[in-house]
DNA sequence: TTGAAAGCGCTAACAG
DNA sequence: CTGTTAGCGCTTTCAA
């Protein structure tokens with residue numbers, strides 16, 4: 001029977017048909033776990049992302065999945081809500097489930113986790129982050145450079161009081177790199193006034209972040225947001241602040257892919 | 001060893017420690033497949049959605065997953081790109097992987113699939129759709145009623161030339177119900193002019209749909225969109241049509257949760 | 001409290 | 001080409 005399903009060409013016509021009939025009649029479905037155990041391989045790649053609520057991850061996974069499918073692989077997803085402890089748990093879970101390899105977001109995690117993966121012989125690919133020097137392969141962007149370039153441009157426009165609404169930086173090298181790029185630009189251009197607000201991803205937290213920034217300390221004339229999700233949260237809240245020009249705002253409403261928000265004249 | 005990990009209290013202290021040490025030293029990780037095979041149960045629920053690109057599904061799954069986790073269950077996700085054949089494949093895959101139950105989107109699928117699930121003894125829950133009469137449990141909304149109510153309101157505002165940008169209706173009971181609700185409202189209010197455009201979910205297709213609607217036939221004064229993703233696509237394109245008032249448009253830009261787009265005065 | 005062994009569903013190797 | 005069997009890693013009896 002096993003041969004019949006896996007190497008149908010090595011089987012005599014009539015035997016194959018007999019088996020096929022039985023399969024249909026019995027509603028047979030192969031048991032993946034048993035197969036995996038026998039061949040010691042699952043053709044499965046595990047992917048662990050912070051959250052599916054950020055479309056950037058959801059879309060990335062969708063594409064990854066389709067590509068894997070094309071090559072006969074299956075993707076297993078898990079999400080961590082940006083919590084390192086949950087991530088570790090998910091990694092262990094996926095390895096236990098026999099993932100042949102793992103897709104991970106960002107480089108930053110406890111070394112024991114990498115040791116664990118090494119012992120288990122499970123290869124991993126880091127994405128949404130790139131580091132030449134890392135021991136593992138990675139593919140991603142240079143967030144620090146991107147942020148540096150953007151900040152330079154904004155500062156050149158005359159903005160000196162800047163704000164950054166960022167995801168929590170701890171264990172998030174993307175957020176860290178963006179902050180770094182911004183700080184570097186400010187240093188090299190001798191601009192000193194930066195207000196950083198770290199926020200969680202909840203609806204409420206995101207909304208509050210913008211108000212907080214506008215209310216506390218010297219009000220920035222330009223606010224950067226670490227990503228689209230944060231930007232949308234800030235945008236919605238910005239609508240309540242009359243100092244923000246309608247035109248600018250309307251344009252921004254369309255630029256959902258934009259990473260920064262300009263507020264008023266410097 | 002098995003006992004040690006599963007019923008540690010039935011084990012003598014020193015034996016347990018010995019095992020624990022070995023676990024650490026060897027970097028042991030339990031094999032999920034083997035366990036599942038032995039206990040004939042995976043504590044895993046499979047979830048199959050059309051696409052993760054629609055945030056409504058992604059967010060729903062995120063919540064579902066967190067709740068499952070809380071109860072010691074794991075979620076396995078798969079997506080179908082709205083293709084019935086892929087959905088069937090994914091269902092079989094998840095069943096093969098030993099999913100204890102399945103979460104499915106919408107009721108509409110080939111009866112053989114339900115037969116298959118019955119034979120395998122895999123229970124399923126249908127969501128994003130509700131049907132009292134269905135043999136399976138389901139939880140969802142009454143799209144037809146919602147669309148009916150909305151359409152009635154819009155028609156009352158004086159709009160008679162209506163448009164609907166919809167996902168492909170085949171095998172998608174949500175899209176079907178929305179169309180039905182719209183048609184019913186029009187019938188009962190004696191309004192006859194409806195132009196329907198079905199579109200795929202690709203970026204390009206979505207953008208084209210709106211232009212197509214504006215160019216062909218009697219131009220509608222109100223366009224409904226089946227969901228947020230379609231609405232955003234239409235909105236972006238609508239920006240190019242000058243007949244659309246800026247004010248309306250700006251408001252709409254903010255109402256990303258809105259299901260319909262009003263265009264011009266009726 | 002521990003050791004031993006059967007068996008979960010499958011594949012691969014070997015013999016016929 | 002087909003039948004048979006060992007063994008994948010685990011749990012669960014059953015004995016000791």
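Between B:47, B:38, B:63, the residue with the greatest mean-square fluctuation in the GNM of chain B (Cα pairs under 10 Å linked by springs) is B:38. Axis angle, to the nearest 10 degrees, between helix A:55-70 and the longest C-alpha principal axis of chain A: 20 degrees.
For segment B:80-204, the relative contact order comes to 21 percent (Cα pairs under 8 Å, sequence separation of at least 6). Placing a label point 7 Å from the Cα of residue A:7 along the Cα-to-Cβ direction, the distances to the matching points in the other copies come to 4.3 nm, shortest first.
Of all DSSP-defined beta bridges confined to the protein assembly as shown, some 10% are antiparallel rather than parallel. The convex hull of the Cα atoms of segment B:48-91, projected and averaged over all directions, covers 2.9 nm². On the beta carbon distance between residue A:81 and residue B:85, with R0 = 30 Å, the FRET formula returns roughly 0.35.
Which number do you get for Rg(Cα) / (2.2 N^0.38 Å) in segment B:1-72?
1.62
Normalised by the number of residues in chain A, the average gap of Cα pairs under 8 Å and 6 or more apart makes the relative contact order 12 percent.
Where does the protein assembly as shown land on Rg/Rh, using Cα atoms and the Kirkwood Rh?
Rg/Rh: 1.02.
Residues B:29, B:2, B:166, arranged from fewest to most other Cβ atoms within 10 angstrom of their Cβ, appear as B:2, B:29, B:166. Entry note, chain B: the mean residue ellipticity at 222 nm calculated from DSSP H runs of n ≥ 4, each adding -39500 (n - 2.57), is -15000 deg cm²/dmol after division by the residues and rounding to the nearest 500. Compute the separation of the alpha-carbon centres of segment A:37-110 and segment B:54-89 and state it in Å as a whole number. One Cα centre to the other: 14 Å.
Overall size of segment B:97-247 from C-alpha positions, given as principal axis extents largest first: 57, 35, 26 Å. Each principal axis of the Cα cloud of segment B:187-238 was taken in turn, and the coordinate range along them, longest first, works out to 35, 21, 16 Å.
Shape annotation for segment A:7-139: C-alpha extents along the principal axes are 58, 33, 26 Å, from largest to smallest.
Take the Cα of residue B:215, step 7 Å toward its Cβ, do the same at residue B:67, and the gap between the two points is 4.5 nm.
Relative to the longest principal axis of the Cα atoms of chain A, the long axis of helix A:84-96 makes an angle of roughly 20 degrees. Can you give the alpha-carbon Rg of segment A:77-145 over 2.2 N^0.38 Å, where N counts its residues? The value comes to 1.09.
Seen against the Cα atoms of chain B and their longest principal axis, helix B:111-120 is set at about 20 degrees.
When residue A:66 is represented by a point 7 angstrom out along its Cα-to-C-beta vector, the spacings to that point in the other copies are 2.9 nm, nearest first.
Just so you know, the averaged projected area of the alpha carbon convex hull for segment A:152-228 sits at 5.1 nm².
Listed by Cβ neighbour count within 10 Å, with the fewest neighbours leading, B:4, A:225 appear as B:4, A:225. Per 5 Å bin, what percent of the C-alpha pairs of chain A does each bin hold, from zero upward? In order of increasing distance, the bins hold 1, 5, 11, 13, 14, 12, 10, 8, 7, 5, 4, 3, 3, 2, 2, 1, 0 percent.
Projecting 7 Å from Cα along the Cα-to-Cβ direction, the label point of residue A:28 sits 3.5 nm from its equivalents in the other copies, listed shortest first. DSSP beta bridges fully contained in chain B are about 10 percent antiparallel. Label-to-label distance, residue A:21 versus residue A:1, with points set 7 angstrom from Cα along the beta-carbon direction: 1.6 nm.
R0 = 30 Å: FRET efficiency of residue B:189 with residue B:108, Cβ-based, nearest 0.05? My answer for the efficiency is 0.60. Computed from the C-beta positions of residue A:28 and residue B:125, the FRET efficiency with R₀ = 30 Å rounds to 0.80. As a proxy for reagent exposure, ranking B:230, A:180 by other Cβ atoms within 10 Å from fewest up yields A:180, B:230.
With only the Cα atoms considered, segment B:103-178 has a convex hull volume of 90 Å³ per residue.
Of all the options B:101, B:12, B:238, the one that moves most in a Gaussian network model of chain B with Cα springs shorter than 10 angstrom is B:12.
Each reported figure results from applying straightforward, stated rules to the coordinates on display, with no laboratory input. Just so it is clear, the model here is predicted, and its values are computed rather than measured. Neighbour counts are summed over all protein chains in view; Cβ atoms, including those assigned to glycine, are modelled from backbone coordinates with ideal geometry.
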